[in-house]
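Report on one structure; see the data block that follows.
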Amino acid sequence: MPLLVVGIGFLILLILIGKFKFHAFLALLITSFVVGLLSSMNLIDILDSVLKGVGDTMGKVLLILAFGAMLGKILEESGAAHTIAFRMIDLMGLKNIQYALLITGFFVGLPMMYNASFLVLIPLIFTFAVITRLPLLWLALPLLSSLSVTHCFLPPHPAPTYVSFIYEADVNKVLLYGLIPMVPCCLIGGVWFSRFFKEMKLSPPEELFKERHFEKSELPGMGISILCAVTPIILMLLGALTDLFVGTPPVKAVLTKLGVENIAGFYSQLLTQHGLSSSASNIFAMLLTFFKFLSDANVALFTAVLVAIFTLGLRKGKSMDDVMTIATKSIGAISMIMLIIAAGGGFSQVLKDSNVIEYIRSVSDSFHMNPYLMAFLVASIFRLAIGSATVATLTTAPIMFPIVQQTGASPELMVLATGAGSVMWSHFNDSGFWMFKEFFGLSVKQTFQTWSLMESTIGVVGILTVWGMSWFI
């Protein structure tokens, strides 16, 4: 039974890491082979799965991790993170600092991918903890809960946007309705939940953050500090707006019917029809394509790093050698995190190739229950098995679409119910699990007690809220 094999894999990981003190990177690789063998895969196929998973995962997150670490380190070393922290404290007061961080997470997380926004904001969390002497997790959980909710519930994030069209939901309504469960999810999963860890003594890992005391004259201005922090946000929001108008699946289908294959071709044809010359319309289309290029998370963070190098480094009197030394230190600090995430990708790929997904799909066909609860359960099982919230969402929606047609369930609420399930059970095969563990210096047990429980709390509160909304929508 595939789910039994998955359970055995989790147990092996816990024993290797907890009892025998294996490094998570090695433990994940060993477990990948054990799970593959138990699933009747041969050794060569298992190796191919592991290598594919490592390659696919690193292809998606390597540059994001690297540029995010560079940007965070420059913000930290230059004092820009301190400038932003001091101003937020002045505006909101220490009493409301958790709500300030929650709101920050919402606005940053709405246009940005989770990994990118996590890396941009972590230096601010570390700086807040040092300046205010408040508990690290007490500050971090409200912000990270907000990032998780925007990632799983709200367009323009890829998963909720795309499955909106699978369910034939109105994207604008999904965004509007999604703001309703976001409030209790963040307040309960973030602010309230963080109170249980107010006494947990943690310090930022030394290799990622070193406490520094700045004189006010040393600190960069607020405008420059904000510019460097929000450059990737602005660029990615630009891409989100472009996607909203011309990059969604229905619009792509229209483009195909019009005989053009991409955004550039669409605008070239449109502007030519309105009397603009072919060259003018082509220039406009090229600019639009360039903006779309800039909005990619990798390019947006790279651009932010270049802006930070110039404004917070060279303009402040640092030599290029000094700035490059800071950037190099940041990469060394996250090298093991990269390896752990890569191994987690290999483990996730072995689970996919061992037919876990097909088994879950076949079992779900026999379920008979409330459609919102069913979407939640199916997505949560996929999340448990394959780790990625995005993949869990995208895999669940095609299974559940016939249920929507049969029952007349609200497509918008089905998107939210699926998102709630996709945030459940974060564990070893989720890159977010390992990022949280390593950046906050937690043990595996502590990561389950904090991160995994926070994610599951968000999921449960989310589905309960959606179920309540279903009585009125």
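The values are calculated or read from the model by the stated rules, or taken from the named source; none is laboratory data. Owing to the predicted nature of the structure, the values given are computational and were not obtained by experimental measurement. Glycine gets a Cβ as well: all are built from the backbone with ideal geometry, and neighbour counts include every protein chain shown.
All conditions but one from (1) buried (at least 17 other Cβ atoms within 10 Å of the Cβ); (2) of a type in the set (A, V, I, L, M); (3) modelled with pLDDT of 85 or more apply to VAL183; the one that does not is (1). Restricting attention to region 441-460, the residues that are surrounded by fewer than 24 Cβ atoms within 10 Å (Cβ to Cβ) and assigned to a helix (DSSP H, G or I) add up to 11.
When LEU101, LEU62, LEU71, LEU14 are screened for being at pLDDT 80 or above and surrounded by fewer than 24 Cβ atoms within 10 Å (Cβ to Cβ), only LEU62 passes. Restricting attention to region 17-44, the residues that are more than 13 Å from PHE347 (Cα to Cα), in a helix (DSSP H, G or I) and modelled with pLDDT of 80 or more add up to 3. Is it true that GLU438 is in contact with a Lys or Arg (Cβ under 6 Å, 6 or more places away or on another chain) and of a type in the set (D, E, K, R)? Judged against the criteria, GLU438 is not a match.
Inside region 216-253, residues that are modelled with pLDDT of 70 or more and either touching a strand residue (DSSP E or B) at 6+ places or on another chain (Cβ under 9 Å) or not in a helix (DSSP H, G or I) (or both) make up a count of 3.
So which residues in region 411-427 are closer than 20 Å to LEU28 by Cα and either surrounded by fewer than 24 Cβ atoms within 10 Å (Cβ to Cβ) or basic (Lys, Arg) (or both)? Give the steps one after another, and end with the answer.
Taking region 411-427 and keeping what is closer than 20 Å to LEU28 by Cα, we get 425-427.
Those that are closer than 20 Å to LEU28 by Cα and either surrounded by fewer than 24 Cβ atoms within 10 Å (Cβ to Cβ) or basic (Lys, Arg) (or both): TRP425, HIS427.
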